[in-house]
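*Asks:* Have a look at this one.
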Amino acid sequence: MQTMNATVPFSSIHRHGFVRVAAATPRVAIADPATNADAAIEQARAADREAADLLVLPELCLSSYAIDDLLTQEALLDAVEAALAKVVEATATLRPVLLLGAPLRRNGRLYNCAVAIARGRILGVVPKIFLPNYREYYEKRWFASGAGLEGLEIAVAGQEAPFGTDLIFAATTLADFVFHVEICEDFWAPTPPSTLGALAGALILCNLSASNIIIGKADDRTMLCASQAMRCTAAYVYSAAGSGESTTDMAWDGQSLINENGDTLVASARFCREPQLITADVDVERLRIERTRTGTFNDAAANADHPEQYFRRVLFDHPLQTEDVGLRRKQRRFPYVPNRPERLAQDCYEAFNIQVDGLARRFEATHGEHMVIGISGGLDSTHALIVAARTCDLLGLPRSTILGYTLPGFATSEGTKSNAWALMKAMGIAAEETDIPPAATQMLRDMGHPFANGEPVYDIAFENVQAGLRTDYLFRIANHRNGFVVGTGDLSELALGWCTYGVGDHMSHYAVNCGVPKTLIQYLIRWSVQTSQFDDATGRILTAILDTEISPELVPAGADGALQSTEDRIGPYALNDFYLYHILRQAAPPSKVAFLASHAWGDVATGLWPEGFPDSRKVAYDMPTIVRWLESFIRRFFATSQYKRSAIP
């Protein structure tokens, strides 16, 4: 079932495990099912035009919610069934599966129900379990609870359909399009029914709600949607009643939300007089994979006697999307970089202090006297130095505890060398310089390398002699000064194998940056400047380092004066970190990574840029460029670099 989507074109969201969901708030007419049916049909057609696969409408939207004892009138209930039949017929050719609310009779009882409709068929009817009967609510006056109702059928609108709280709905033609339905109060309860639905296999949890508004309640709904989506590793689609409901006793704001695993993808406007429709593409493939990788999810299912054994799975055919309908979700170009402007200071604080705490504990455990760091004037050593300086501040140690060494080689530029010295002075550490060309030349001569005889041979041996000597010096200095070597290599370099194996930048006593990708290091340094974490002079030095071309500076500049460029060799770090996140963290297949990258990076004007990202550095990448560097990343990550990660100290 998981491979059926491969039959659709690459440009289709269905090819890559996405389902387009929608939530609507129609304007209702009080106790007028025929008019409300027309409103529901109008929203279904609008959702169809938006290529939605699933549309969630509010609770009791066919009758309206706030009509009190009118809910028990036979004339109204007959009109509701007629209106339901009208909706079923009118939407038979539309793409979306519809979920709408209706009061329905069964076996001498009245239930507050969600009705699932697909292509002229009533798939099933789910009764509300938790009926609020406190403060402004009186639902037990009219409705019976659906608690314990399983394995039943209902005759409604001329059809026989499954009835009960044991239903989940699954498309036979679209992998992972599996949803569960609950109603309003159900998710305010300590044990939301959707939890069992998720444990039974539903990846999309839907809530048809009326939910009157009081001050602060919108935040509560947002929190509950996020919490339930995150706990269940699911998407949560929420639709609440809005304009048109009676305001005799209550008011309505029409809030709709779509959340995926704790992240709000889209939220509707509130207090609107006109109907509202929101859509988003939820990554159901990602959610399924995340559950597979999280053993606690299965443990919870086992603890609940494996709900898949007693839930009924209602199957339906669903048309696959063969057109390019875009991608409706906020696509982050830099998935490792903080993206919440309102929480930016907190996120950056945490990112820094995770490293500071780790380094502080290691320094205390080693009982050393010094931290030894090679300072190149590049991004990684700069960030490692900042972390080490903050560690000294935390431990109450003078920053002279840090021994910074700049180790210029054959291709070290004056710019990076001067930046290294300026940074060490600004940070107040003990700073020294050791030129490595004499020792490197001697080693190359002993090896019989042509460079020692004046030939311009700049092969991998030439590069690694320099990289190895730098690390060798740092280790011997650490021995001599009773310290330990703080490694500067980052997560991106480890993923790509862009480090010298063994006694090279692959080796250290504590690799403080090994869990931090290059793009996050760039951002944290930029954030520290923009928020004046250091004085203006230090800020200017850090800005100069940010503006410097990323280079190992191991090969002398060519005749044109151009320096060795890392990103010309291994690809832009922005793309490599994007690939790393989606392959390592999300376990996404390469075709999906390319699809996501094309939407994230195809146009400078669309998608999300990190807060404060310089306009001058905003670039776009076309599909050939994306594919070229994705193939390079896959080759380096899977085929050529694992041994380095396996052997890192």
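*Asks:* Counting alpha carbon pairs within less than 8 Å and at least 6 residues apart, what relative contact order, in whole percent, applies to the chain?
*Replies:* Numbers: 1335 pairs, mean separation 74.9, N = 649.
Normalised by residue count, the contact order of the chain is 12 percent.
*Asks:* Say the dipole of the stretch 4-155 comes from +1 at the beta carbon of Lys and Arg and -1 at that of Asp and Glu; which of Ile129, Tyr65, Ser11 then lies farthest toward its positive end?
*Replies:* Going by the Cα projections, it comes out as Ser11.
*Asks:* Shifting gears a bit: Counting only other residues whose beta carbon sits under 13 Å from that of Ser64, what net charge do I get with K and R as +1, D and E as -1?
*Replies:* Numbers: positive: Arg27; negative: Asp32, Glu59, Asp68, Glu245.
Within the 13 Å Cβ shell, the charges total -3.
*Asks:* Nearest-5 percent of antiparallel DSSP beta bridges in the chain?
*Replies:* 50 percent
*Asks:* What is the magnitude of the charge dipole of the chain about its Cα centre, with +1 placed on the Cβ of each Lys and Arg, -1 on the Cβ of each Asp and Glu, and no other charges, expressed in debye to the nearest 20? Let's see the in-between values first.
*Replies:* Values: 57 positive and 75 negative charges, 118 e Å.
Here the chain has a charge dipole of around 560 debye.
*Asks:* Positive end of the dipole of the stretch 557-629, charges at C-beta (+1 Lys, Arg; -1 Asp, Glu), about the Cα centre: which of Ala605, Pro589, Asn576 has its Cα farthest in that direction?
*Replies:* Among Ala605, Pro589, Asn576, the one farthest towards the positive end of the dipole of the stretch 557-629 is Pro589.
*Asks:* Further question: Using a 1.4 angstrom probe on heavy atoms only, work out the carbon and sulfur share of the accessible area of the stretch 545-591 in %.
*Replies:* Values: 1000 of 1910 Å².
Roughly 52 percent of what the probe reaches on the stretch 545-591 is carbon or sulfur.
*Asks:* In percent, how large is the relative contact order of the stretch 506-600, given Cα pairs closer than 8 Å and 6 or more residues apart? Don't skip to the answer; put the middle values down first.
*Replies:* Working: 47 pairs, mean separation 18.1, N = 95.
Relative CO of the stretch 506-600 lands at 19 percent.
*Asks:* Next question. Per the Kirkwood treatment, what hydrodynamic radius in Å, one decimal, follows for the chain from the mean inverse distance over all distinct Cα pairs? Intermediate results must be reported in sequence, preceding the final value.
*Replies:* Details: mean 1/r = 0.0358 Å⁻¹.
For the chain, inverting the mean 1/r across all distinct Cα pairs yields 27.9 Å.
*Asks:* Also, I was wondering about something else. How many Å² of accessible area per residue for the stretch 23-108, probe 1.4 Å? Walk me through the intermediate numbers first.
*Replies:* On the way: 2880 Å² over 86 residues.
Result: 33 Å² per residue.
*Asks:* Asp547 accessible area, nearest 10 Å², 1.4 Å probe?
*Replies:* About 100 Å², ignoring ligands and nucleic acids.
*Asks:* Please compute the net charge surrounding Phe187, taking Lys and Arg as +1 and Asp and Glu as -1 over other residues with Cβ under 14 Å from its Cβ.
*Replies:* Details: positive: Lys128, Lys217, Arg221, Arg231; negative: Glu59, Glu182, Glu185, Asp186, Asp220.
Local net charge: -1.
*Asks:* While we're looking at this one, here's another question. Please label the shape of the stretch 313-423 as rounded, prolate or oblate, based on the square roots a ≥ b ≥ c of the eigenvalues of the alpha-carbon gyration tensor (a/c under 1.5 means rounded; beyond that, a/b larger than b/c means prolate, else oblate). Show your work: numbers first, answer last.
*Replies:* Values: a/c = 3.34, a/b = 2.02, b/c = 1.65.
Verdict is prolate for the stretch 313-423.
*Asks:* Could you give the C-alpha radius of gyration of the stretch 377-471 expressed as a fraction of 2.2 N^0.38 Å, taking N as the number of residues it contains? Intermediate results must be reported in sequence, preceding the final value.
*Replies:* Details: Rg = 16.1 Å, N = 95, 2.2 N^0.38 = 12.4 Å.
Compactness ratio reported: 1.30.
*Asks:* Test of the criteria: in the stretch 403-490, which trypsin sites (Lys or Arg not before Pro) are in a DSSP loop and have at most 13 other Cβ atoms within 10 angstrom of their Cβ?
*Replies:* Counting only loop positions with at most 13 other Cβ atoms within 10 Å, none of the trypsin sites (Lys or Arg not before Pro) in the stretch 403-490 qualifies.
*Asks:* Percent of accessible area on the stretch 314-401 owned by carbon and sulfur, 1.4 Å probe?
*Replies:* Working: 2010 of 4020 Å².
Answer for the stretch 314-401: carbon and sulfur cover 50 percent of the accessible area.
*Asks:* For Val97, list long-range residues whose amide hydrogen, built 1.01 Å from N in the peptide plane, is under 5 Å from its own amide hydrogen.
*Replies:* Placed amide hydrogens put Leu54, Leu55 under 5 Å from Val97.
*Asks:* Just to confirm, what accessible area per residue do you get for the stretch 357-397 at 1.4 Å probe, in whole Å²? Mind showing how you got there, number by number?
*Replies:* Details: 1500 Å² over 41 residues.
So the stretch 357-397 comes to 37 Å² accessible per residue, rounded to a whole number.
*Asks:* When the helices in the chain are scored as -39500 (n - 2.57) per DSSP H run of 4 or longer and the sum is shared across all residues, what 222 nm value do you end up with, to the nearest 500 deg cm²/dmol? Working shown, then result.
*Replies:* Working: 19 runs with 234 residues, N = 649.
Here the helix-only value at 222 nm equals -11500 deg cm²/dmol.
*Asks:* Now, a different point. What number comes out for accessible area per residue over the stretch 602-649 if the probe is 1.4 Å? Units Å², please. Write down the numbers at each step before the final one.
*Replies:* Numbers: 2980 Å² over 48 residues.
Accessible area per residue, the stretch 602-649: 62 Å².
*Asks:* Turning to a different aspect of this structure: Run the accessible area of the stretch 427-517 with a 1.4 Å probe and give the carbon-and-sulfur part as a rounded percent.
*Replies:* The C+S portion of the solvent-accessible surface of the stretch 427-517 is 54 percent.
*Asks:* Additional query: List the chymotrypsin sites (Phe, Trp or Tyr not before Pro) in the stretch 99-145 that DSSP assigns to loop (not H, G, I, E or B) and whose Cβ has at most 12 other Cβ atoms within 10 Å. Which are they?
*Replies:* On the way: sites: Tyr111, Phe130, Tyr134, Tyr137, Tyr138, Trp142, Phe143; in loops: Phe130, Tyr134, Tyr137, Tyr138, Trp142, Phe143.
Loop-located and lightly packed - Tyr134.
*Asks:* Just how large is the dipole of the stretch 389-543 about the Cα centre, in debye to the nearest 20, putting +1 at every Lys and Arg Cβ and -1 at every Asp and Glu Cβ? Intermediate values should be presented prior to the final figure.
*Replies:* Details: 11 positive and 15 negative charges, 89 e Å.
In debye, rounded to 20, the stretch 389-543 gives about 420.
*Asks:* When only DSSP loop residues count, what trypsin sites (Lys or Arg not before Pro) in the stretch 89-166 have their Cβ near at most 15 other Cβ atoms within 10 Å?
*Replies:* On the way: sites: Arg105, Arg106, Arg109, Arg119, Arg121, Lys128, Arg135, Lys140, Arg141; in loops: Arg119, Lys128, Arg135.
Within the stretch 89-166, the qualifying trypsin sites (Lys or Arg not before Pro) (loop, at most 15 other Cβ atoms within 10 Å) are Arg135.
The values are calculated or read from the model by the stated rules, or taken from the named source; none is laboratory data. All of these numbers come straight from a predicted model, not from anything done at the bench. All Cβ positions, glycine included, derive from the backbone under ideal geometry; neighbour counts span all protein chains shown. For the accessible areas, the whole protein counts, side chains as well, though only heavy atoms, and no ligand, DNA or RNA atoms are used. Shrake-Rupley method; radii C 1.70, N 1.55, O 1.52, S 1.80 Å.
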